[in-house]
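Chemist: One structure, as structure tokens, below. Some questions next.
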Amino acid sequence: MAEPRGEFSRDGVVQAIERWFPPQWFSRFAAEPGWSAQKLLWMGMLMNWVAGHTLTERFLAAREVLQTLKPRWRVPSSLSGYGAAWMRVEPELLDAVVKRLRGQVCGLDLPPVLGWQLFGVDGSRFECPRTKLNERVLGCAGKEHTTPQLYQTTLWHLDSELPWDFRVGPGTDSEQRQLDDMLETLPAGSLLTADANFISFGLCSQLLCRNVHFLLRVGGHRTLLTELGGDHEVVGQTVYLWPQNHRNQPPITLRMIVVPGGQTPVYLLTDLRDPIQLSDADAAELYRRRWSGEVYYRTVKRTFPFAKLASRSPHHARIEQRTMLISLWLLQLTSVAARHEEDLPPRRWSGATARVRMRDWLRRVLVGRSKRRTTTLVHQLANAVTDSYQRTPPNGGTMQHILPSGVQVATTFCNELVGNCN
């Protein structure tokens with residue numbers, strides 16, 4: 001019997017999703033009239049893969065695709081009903097999805113970066129429509145007269161450059177608080193790197209208690225102490241983080257690493273005090289890897305683009321943001337896993353190329369055209385990689401061999417304690 005027209009294209013999308021979320025996985029969720037958990041997740045993915053400027057356009061386009069992919073499913077036609085169904089199952093469904101995707105990242109078993117299971121963290125704001133409810137609940141942070149915003153903080157598994165976890169809150173939320181909420185997901189013995197916005201006595205204490213090492217940039221907003229007479233002090237390297245409001249606790253002993261970068265050096269702090277565990281050169285390279293987070297946010301905001309959400313209520317905006325992030329995570333995971341299985345470098349994912357190839361495949365699904373059997377969707381996504389061109393910044397060098405420009409550090413040292421040291 002001849003293969004039905006377009007069957008191969010349809011199977012390619014179904015297999016790409018069901019590899020990570022097989023039908024039996026959804027049996028844990030209570031049945032919903034009209035919108036099951038499986039339908040909701042599929043629609044959430046497709047709405048962020050198809051083209052469209054408004055939620056209505058994307059919903060209608062995704063519904064048409066879903067009906068083609070799953071002809072036996074009855075897909076409701078109401079966008080408001082779709083949103084109401086999400087309100088009933090979120091966050092249970094999305095929390096379970098994130099946990100499963102994180103498990104799949106672990107299952108890739110990729111080689112560590114310079115011997116470390118490396119993680120990075122960064123935050124960014126996303127604009128929402130200027131409605132009365134959004135302004136009241138989400139708030140306007142940053143510059144004056146900005147729109148209501150959501151604040152997102154993302155943890156990345158830098159061995160693969162895949163997301164590891166994320167938190168989404170109102171625009172007035174802080175990346176430090178959101179990171180605190182994700183620390184329990186970090187494996188013991190791993191290494192976290194972050195910029196100067198995150199370093200604090202509380203964060204360093206929590207990481208040490210969890211046996212998670214860290215490499216954090218420090219700026220002039222932190223006062224470091226020296227020459228406290230601790231064990232194995234090294235002049236010019238050993239420093240102590242001991243703010244006035246934590247003098248009832250022992251100081252945190254750290255090693256400072258100075259990395260030349262641009263016009264000013266970059267100051268890094270780590271709990272790994274022995275250079276044999278982490279050399280200065282390796283520390284500089286590991287901190288550079290954190291830059292992939294900046295690329296991630298650029299992909300989310302400019303490539304797809306999702307810099308501004310479309311939902312007019314705070315709860316729906318949060319759901320829209322979370323489903324968008326999960327859809328990109330699944331797309332990138334499919335690409336990275338396919339490259340790893342083919343013994344190709346996993347860390348060259350191109351969001352722009354992946355978007356083009358997925359949308360092209362979905363168009364073929366709708367018009368009933370099949371790809372040649374020698375080319376699968378997974379193979380297409382495996383080759384969705386960045387080019388090999390080396391970008392050169394204005395001051396020379398190549399982009400992957402310099403630290404982010406504009407780093408200003410003015411670390412303050414005190415040779416004597418202020419106040420009661422006992």
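The values are calculated or read from the model by the stated rules, or taken from the named source; none is laboratory data. Every value quoted in this text rests on a predicted model; they were computed, and no experiment measured them. Every residue, glycine among them, receives a Cβ derived from its backbone with ideal geometry; neighbour counts consider all protein chains shown.
Chemist: Does LEU254 qualify as being under 25 Å from HIS157 (Cβ atoms), buried (at least 20 other Cβ atoms within 10 Å of the Cβ) and over 27 Å from the mean Cα position of the chain (by Cα)?
Modeler: Yes; evaluated as a whole, the condition is true for this residue.
Chemist: Out of the residues in region 153-166 meeting the condition of being on the phi < 0 side of the Ramachandran plot and assigned to a loop (DSSP other than H, G, I, E, B), tell me which one is surrounded by the fewest Cβ atoms within 10 Å (Cβ to Cβ).
Modeler: ASP159
Chemist: Give the residues of region 273-322 that are free of Cβ contacts under 8 Å to residues at least 60 places away in the same chain and over 20 Å from the mean Cα position of the chain (by Cα), sorted by residue number.
Modeler: Result: ARG273, ASP274, PRO275, ILE276, GLN277, SER279, ASP280, ALA281.
Chemist: Considering only region 39-59, state which residues are surrounded by fewer than 22 Cβ atoms within 10 Å (Cβ to Cβ) and part of a helix (DSSP H, G or I).
Modeler: Selection gives LYS39, LEU55, THR56, GLU57, ARG58, PHE59.
Chemist: How many of the residues making up region 77-107 are within 20 Å of ARG339 (Cα to Cα) and either part of a strand (DSSP E or B) or among the β-branched types (Val, Ile, Thr) (or both)?
Modeler: Within region 77-107, residues that are within 20 Å of ARG339 (Cα to Cα) and either part of a strand (DSSP E or B) or among the β-branched types (Val, Ile, Thr) (or both) number 1.
Chemist: Same structure again: Hey, among the residues in region 204-218 that are in contact with a Phe, Trp or Tyr (Cβ under 8 Å, 6 or more places away or on another chain) and under 17 Å from TRP242 (Cβ atoms), which one's modelled with the lowest pLDDT?
Modeler: Ranking the qualifying residues of region 204-218, first place goes to VAL218.
Chemist: Any chance you could count how many residues in region 227-242 are touching a residue at least 40 places away in the same chain (Cβ under 8 Å) and closer than 20 Å to LEU216 by Cα? Show your work before the answer.
Modeler: As a first pass, look at region 227-242 and keep what is touching a residue at least 40 places away in the same chain (Cβ under 8 Å): 227-228, 232, 239, 241-242.
Of the ones still in play, those that are also closer than 20 Å to LEU216 by Cα are 239, 241-242.
Within region 227-242, residues that are touching a residue at least 40 places away in the same chain (Cβ under 8 Å) and closer than 20 Å to LEU216 by Cα number 3.
Chemist: I would also like to ask the following. From the set of residues in region 11-30 that are within 22 Å of PHE59 (Cβ to Cβ) and either in contact with a Gly (Cβ under 9 Å, 6 or more places away or on another chain) or not in a helix (DSSP H, G or I) (or both), which is modelled with the lowest pLDDT?
Modeler: PHE29
Chemist: State yes or no: is LEU110 farther than 18 Å from SER311 by Cβ, under 19 Å from the mean Cα position of the chain (by Cα) and not in a helix (DSSP H, G or I)?
Modeler: Spelling it out, LEU110 is indeed farther than 18 Å from SER311 by Cβ, under 19 Å from the mean Cα position of the chain (by Cα) and not in a helix (DSSP H, G or I).
Chemist: Provide a single number: the residues in region 71-94 that are buried (at least 16 other Cβ atoms within 10 Å of the Cβ), farther than 24 Å from PRO129 by Cβ and among the charged types (D, E, K, R).
Modeler: Selection size over region 71-94: 0.
Chemist: Another question, if that's okay. Criterion first (of a type outside the set (A, V, I, L, M) and more than 30 Å from THR299 (Cα to Cα)) does ARG19 satisfy it?
Modeler: It is false that ARG19 is of a type outside the set (A, V, I, L, M) and more than 30 Å from THR299 (Cα to Cα).
Chemist: Something else: Applying the selection to region 289-313, what residues are outside any loop (DSSP other than H, G, I, E, B) and among the basic types (Lys, Arg)?
Modeler: If the condition is that a residue be outside any loop (DSSP other than H, G, I, E, B) and among the basic types (Lys, Arg), then ARG289, ARG298, LYS301, ARG302, LYS308 are the ones that fit.
Chemist: Filter region 259-303 down to residues that are among the small types (Gly, Ala, Ser) and at pLDDT below 90 and give me whichever is surrounded by the most Cβ atoms within 10 Å (Cβ to Cβ).
Modeler: Result: GLY293.
Chemist: Which of the residues belonging to region 167-216 are aliphatic (A, V, I, L, M) and either part of a helix (DSSP H, G or I) or more than 20 Å from LEU278 (Cα to Cα) (or both)? Steps first, please.
Modeler: First, the residues of region 167-216 that are aliphatic (A, V, I, L, M): 168, 179, 182-183, 186, 188, 191-192, 194, 196, 199, 203, 207-208, 212, 215-216.
Correct list: VAL168, LEU179, MET182, LEU183, LEU203, LEU207, LEU208.
For (1) out of contact with any strand residue (DSSP E or B) (no Cβ under 6 Å at 6 or more places or on another chain); (2) of a type in the set (S, T, N, Q); (3) closer than 21 Å to GLY202 by Cα; (4) touching a residue at least 24 places away in the same chain (Cβ under 8 Å), each residue gets a yes or a no:
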| position | (1), (2), (3), (4) |
| --- | --- |
| TRP116 | no, no, no, yes |
| VAL121 | no, no, yes, yes |
| LEU133 | yes, no, no, yes |
| ASP165 | no, no, yes, yes |
| GLY171 | no, no, no, yes |
| LEU179 | no, no, yes, yes |
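Chemist: So how many residues does region 219-248 have that are hydrophobic (A, V, I, L, M, F, W, C) and over 32 Å from the mean Cα position of the chain (by Cα)?
Modeler: 4
Chemist: Can you confirm whether GLY120 is part of a strand (DSSP E or B) and within 20 Å of the chain's Cα centre (by Cα)?
Modeler: Considered against the rule, which asks whether it is part of a strand (DSSP E or B) and within 20 Å of the chain's Cα centre (by Cα), GLY120 comes out as yes.
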